[in-house]
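Working notes, beginning with the structure itself.
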Amino acid sequence: MRIVVAGGAGFIGSHLTEELLKQGHKVVVIDNFITGSRKNLEHLKTDNLFVIDHDITQPIYLGEKVDRIYHLASPASPIDYQKHPIQTLKVGALGTHNMLGMAMTHGARILLSSTSEVYGDPEVHPQTEEYWGHVNPVGPRSCYDESKRFAEAIVVAYRDYHHVDTRIIRIFNTYGPRMRLNDGRVVPEFISQVLKGKNITIYGDGTQTRSFCYVSDLVRGMIGVMEHSYMNPINLGNPAEITINEFAEQIIKVSGIKVEKVNLPLPKDDPKRRKPDITKAKEIIGWQPTVSLEEGLRKTIEWAKENV
Ligand code: UDP
């Protein structure tokens, strides 16, 4: 197939691109490199990969037939989207609109990668796809949360009004090699800190929870959803929930580097608990994560040692 990956130069996008190329597809990456990097694709030396430097908030017309579109384009870490709030809102709104237009033109199937952030600071735990969320529309995270909520709404509108073949996944915290080490997210931040022998910065008292999914598990789930007929949102993430304090201890244990932990103020609207209910992914597409946190962290730390 000929597959477009919008945001294919980013962390998850580059792993997805690699897997699709491995499966023998032709991949067209569209990226404006606002947070993605050419370096993430450099190792993929093949004539089946085409890279277009383009901001999808502007229209784009591809001549050759497209069969699938994975839309991952967006800044995704709290630091990145707060630095680029308007770009973030535009890519969720105008960018998603343009990708839906491309899907219509080519009769292609399109998958939107949405996020657990559509649930905001959740009052339901674990989060099921039926939960509508608890989102501050004017808070520091709103540029990302509302952008993705709008993106889901326009995808569903194109599905129901124009009969576009759509899929929606909601990605929970994902980690692995090629995360930007300075993107501010907890995994690259803690790993960089231990590798540099610095104190680990715990925001708040560290009792807030997250559930971390290794990137190869996520990519398998994404392709699974794309190639299944189910059209409603599906959570993809690892349900193994852990506090940020416990997570810091894991990083210290796996890296074998002893550093101290320091507490810093908790950012506004930081979700207190997050854990996906993945019943749908399990029952509908037969997916569940297989990589343990320890194994995933070992691989990520090995990679970070070469790149810190
Ligand atoms: N966090 C932390 N120290 C850091 C970076 C993040 O304690 O140096 C916490 C953050 O407050 C949040 C969790 O780790 O509770 C995950 O943050 P991240 O930025 O990775 O993404 P989020 O899941 O909040 O979107």
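The values are calculated or read from the model by the stated rules, or taken from the named source; none is laboratory data. This structure is a prediction, so every number in the text was calculated from the model and none was measured. Note that we place each Cβ from the backbone using ideal geometry, even for glycine, and neighbour counts take in every protein chain shown. Just so you know, the surface numbers come from the protein's heavy atoms only, side chains and all, with ligands and any DNA or RNA stripped out. Shrake-Rupley method; radii C 1.70, N 1.55, O 1.52, S 1.80 Å.
Per the conditions (1) farther than 26 Å from residue 21 by Cβ; (2) under 16 Å from the mean Cα position of the chain (by Cα); (3) within 11 Å of the ligand (Cβ to nearest atom), the sole criterion not satisfied by residue 175 is (1).
Restricting the search to helices (runs of 4 or more DSSP H) fully inside segment 79-169 and requiring at least 1 residues that are touching a Lys or Arg at 6+ places or on another chain (Cβ under 7 Å) and touching a residue at least 12 places away in the same chain (Cβ under 8 Å) gives 96-106. For segment 20-32, enumerate the residues that are within 18 Å of residue 103 (Cβ to Cβ) and surrounded by fewer than 20 Cβ atoms within 10 Å (Cβ to Cβ). Listed by number, the residues that qualify are 25, 26. Taking the criterion of being open to solvent by 60 Å² or more (accessible area, probe 1.4 Å) and within 16 Å of the ligand (Cβ to nearest atom), the residues of segment 256-298 that qualify are 260, 261, 263, 264, 265, 266, 268, 272, 273. Taking the criterion of being surrounded by fewer than 16 Cβ atoms within 10 Å (Cβ to Cβ) and touching a helix residue (DSSP H, G or I) at 6+ places or on another chain (Cβ under 9 Å), the residues of segment 232-249 that qualify are 232, 240. The residues listed here are 35, 17; of these, the one that is in contact (Cβ under 8 Å) with a residue 24 or more places away in the chain, assigned to a loop (DSSP other than H, G, I, E, B) and crowded, with 20+ Cβ neighbours inside 10 Å is 35. Restricting attention to segment 180-197, the residues that are open to solvent by 20 Å² or more (accessible area, probe 1.4 Å), more than 10 Å from the ligand (Cβ to nearest atom) and in contact with a helix residue (DSSP H, G or I) (Cβ under 8 Å, 6 or more places away or on another chain) total 4. When 201, 128 are checked against the criterion of being of a type in the set (S, T, N, Q), surrounded by fewer than 20 Cβ atoms within 10 Å (Cβ to Cβ) and within 11 Å of the ligand (Cβ to nearest atom), 201 stands alone in meeting it.
The listed residues are 118, 135, and the only one of them that is within 13 Å of residue 172 (Cβ to Cβ) and among the aliphatic types (A, V, I, L, M) turns out to be 118.
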